[in-house]
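Right, one structure below, let's go through it.
The values are calculated or read from the model by the stated rules, or taken from the named source; none is laboratory data. Remember, it's a predicted structure, so these values are computed and weren't measured experimentally. Cβ sites come from the backbone with ideal geometry, for glycine too, and all protein chains shown count toward neighbours.
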Amino acid sequence: MRQLVRRTVPVAAVLAALVALSGCTVASDAVAGISVNEDGRPLGVMLVCGHRIDGATLSTSEGSHQETIGTWTARTALEPGLTTWTLDAPADGWDTGKSATTLDAGTTYHLRGWTKDNSRSSTATSFTPEDLKQLTPGTVRYDGTASDGSGTTLTVPVAEFQASACRKR
């Protein structure tokens, strides 16, 4: 009996470690970004790279506390390509659970896309209201990967975002 226990415990430990490390994250299949319209109002930007994205969430996090600031569900799943929508008011083609009517100075916000079945998500982008003031219409700010493999925040023209963001995730 002791021999059975000695053989079973290491196998159980390895299996537990494999379960803990496997499949806990959702595959990233899109890139989230932020922009502004001609009036300086914030725009969510979603570049779907592969399958689909069903919606987006804007949140803040302070330590272990996370607060949802805005939620949007696309009436038709977002297929590969680029989509933008207003963050501070209801947007055409979207069901808005909550709009991000006021963004507080000094607060960091995180925008991420998701699917209803939790099979895919987008990369997240982080920004502050002060970052939005640095943007111009036609540019996108997003969290990407530099050529050396490190994470970096990029601000690029929309055309460059469309051409390269999926490769940099």
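At a glance:
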{"item": "Check on GLY97, out of contact with any Asp or Glu (no Cβ under 6 Å at 6 or more places or on another chain) and farther than 19 Å from LYS133 by Cα", "result": "yes"}
{"item": "Long-range neighbours under 6 Å by Cβ, at least six apart or interchain, first residue on the phi > 0 side of the Ramachandran plot within the range 87-114, second loosely packed, with under 13 Cβ neighbours inside 10 Å and not acidic (Asp, Glu)", "result": "GLY93/ARG75"}
{"item": "Sole exception among (1) closer than 15 Å to PRO42 by Cα; (2) in a helix (DSSP H, G or I); (3) not aliphatic (A, V, I, L, M) for SER164, by number", "result": "(1)"}
{"item": "Condition met for PRO157 (in contact (Cβ under 8 Å) with a residue 60 or more places away in the chain, surrounded by fewer than 19 Cβ atoms within 10 Å (Cβ to Cβ), within 13 Å of VAL45 (Cα to Cα) and not hydrophobic (A, V, I, L, M, F, W, C))", "result": "no"}
{"item": "Filtered residue count, the range 136-154, keeping only those that are touching a Ser or Thr at 6+ places or on another chain (Cβ under 6 Å) and closer than 20 Å to ALA100 by Cβ", "result": "5"}
{"item": "Test: residue in the range 109-123 that is within 14 Å of VAL31 (Cα to Cα), assigned to a loop (DSSP other than H, G, I, E, B) and not hydrophobic (A, V, I, L, M, F, W, C)", "result": "yes"}
{"item": "Exclusive hit being under 19 Å from ILE53 (Cα atoms), modelled with pLDDT of 90 or more and surrounded by 16 or more Cβ atoms within 10 Å (Cβ to Cβ), set ALA165, ALA77", "result": "ALA165"}
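Quick grid of which residues meet (1) on the phi < 0 side of the Ramachandran plot; (2) in contact (Cβ under 8 Å) with a residue 24 or more places away in the chain:
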residue	(1), (2)
ASP117	yes, no
SER122	yes, yes
ASP131	yes, yes
THR136	yes, yes
ARG141	yes, yes
GLY144	yes, yes
GLY149	no, no
THR153	yes, yes
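Conditions (1) within 22 Å of GLY138 (Cα to Cα); (2) at pLDDT below 95; (3) crowded, with 19+ Cβ neighbours inside 10 Å, marked per residue:
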position: GLY23; (1), (2), (3): no, yes, no
position: VAL26; (1), (2), (3): no, yes, no
position: VAL31; (1), (2), (3): yes, no, yes
position: GLY50; (1), (2), (3): no, yes, no
position: GLU62; (1), (2), (3): no, yes, no
position: THR73; (1), (2), (3): no, no, no
position: LEU87; (1), (2), (3): yes, yes, yes
position: ALA91; (1), (2), (3): yes, yes, no
position: THR96; (1), (2), (3): no, yes, no
